[in-house]
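The values are calculated or read from the model by the stated rules, or taken from the named source; none is laboratory data. Everything numeric here is computed off the predicted structure, so don't read it as measured data. Virtual Cβ from ideal backbone geometry, glycine too; neighbours counted across all protein chains shown. Please note that ligands, DNA and RNA were not included when accessible areas were found on the heavy atoms of the full protein model with its side chains. Shrake-Rupley method; radii C 1.70, N 1.55, O 1.52, S 1.80 Å.
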Amino acid sequence: MAKKSTSSNNQVTVRLDSRVMYGVIALLAVVLAIGLGWFIGQQVGGGDAATGVTADAPAPAAANPLGELQPSNGAASNSLSTSPDLAVQPADPAAAGAGALGAGQPVSLEAQPVGEAEPRLWIQEAADQNWVFSMGEIPGDARFEQDFTLSNIGTSELVIEDTSASCGCTAATVGETNIAPGGSTVLRVGYDPRVNQEQGRFIQKQVRIKSNDPLVPLVEFTITADVAAE
């Protein structure tokens with residue numbers, strides 16, 4: 001402990017007990033040792049000692065909802081390519097030419113035979129050009145018309161329910177709406193380039209026929225033309 005003494009010239013002198021001084025030094029040594037040990041541990045363990053996970057330890061595999069462990073790299077097996085139940089099936093001829101709106105191309109007798117009491121729509125001129133019929137070069141200052149033969153190659157009466165086109169500049173009409181098996185009628189397609197001022201352009205328009213054909217209820221084919229400039 002500290003002791004206080006006085007001298008003859010009235011000055012006060014403070015003396016520290018040697019035991020107190022040694023205790024302070026020992027305490028500082030303990031604190032220094034603890035700090036040094038923590039620093040060395042951080043350097044040796046790379047900062048992972050606190051978490052208990054070493055740097056090169058593999059991550060635990062994740063379990064799926066069924067409780068089965070999956071590979072930790074996330075790779076999935078290609079079950080679609082090996083499962084026999086998911087094999088690709090042959091396309092239905094009726095849907096072979098179907099578009100976004102359910103329209104498609106007629107089905108030929110070679111692609112699928114006609115069943116009993118089944119109507120079947122067919123347009124030979126469009127089929128000859130793979131359902132993209134070219135009208136060639138047409139005048140730009142008048143309405144142009146093209147006739148097609150719409151046939152019933154089925155075994156039951158074909159009923160034409162509606163005819164339409166993709167543009168107001170194009171129209172499609174039929175001579176008869178009820179066609180007996182083996183019969184035919186005229187499908188007349190008219191196009192007027194003056195409606196949309198399409199002179200000097202190459203045009204493509206779609207023609208649609210709705211009927212009771214069970215394979216393709218909504219038939220669609222394309223007409224093209226080079227419109228002369230005025």
Exposure of D147 as accessible area (Å², to 10), given a probe of 1.4 Å and all protein chains: 70
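Compare L32, L218 by solvent-accessible area with a 1.4 Å probe and give them largest first, with all protein chains kept in place.
Working: L32 125, L218 45 Å².
So the residues, ranked largest to smallest area, are L32, L218.
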For N212, distant residues with modelled amide H under 5 Å away: V159, E161
Accessible area (Å², 1.4 Å probe, nearest 10) - T163: 30
Other-chain or far-sequence residues with amide H under 5 Å of M135's (modelled H): T224, A225
Karplus 3J(HN,Hα) series, Hz, for region 167-176 with 6.51 cos²θ - 1.76 cosθ + 1.60 (x for Gly, Pro): 9, x, 7, 10, 9, 9, 9, 10, x, 10
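Where Lys and Arg each count +1 and Asp and Glu each count -1, what net charge lies around D141 among other residues with Cβ under 12 Å from its Cβ?
Working: positive: R143, R194; negative: D192, E198, E230.
Neighbourhood net charge equals -1.
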Label-to-label distance, nm, for residues given as M21 and A33 (7 Å Cα→Cβ offset): 2.2
Charge dipole magnitude, Cβ of K and R +1, D and E -1 - region 125-230, Cα centre, debye nearest 20: 180
Farthest toward positive dipole pole in region 101-204 [+1 Lys/Arg, -1 Asp/Glu at C-beta], among L187, G102, I138: I138
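Answer rounded, prolate or oblate for region 151-230, using the Cα gyration tensor with square roots of eigenvalues a ≥ b ≥ c: rounded when a/c is under 1.5, else prolate when a/b is larger than b/c, else oblate.
Working: a/c = 3.02, a/b = 2.68, b/c = 1.12.
The shape class here is prolate.
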HN-Hα J in Hz across region 190-198 - Karplus 6.51, -1.76, 1.60, θ = phi - 60°, x for Gly and Pro: x, 9, 10, x, 6, 4, 10, 6, 9
Simple label model, 7 Å out from Cα along Cβ direction - D162 to A180, nm: 2.9
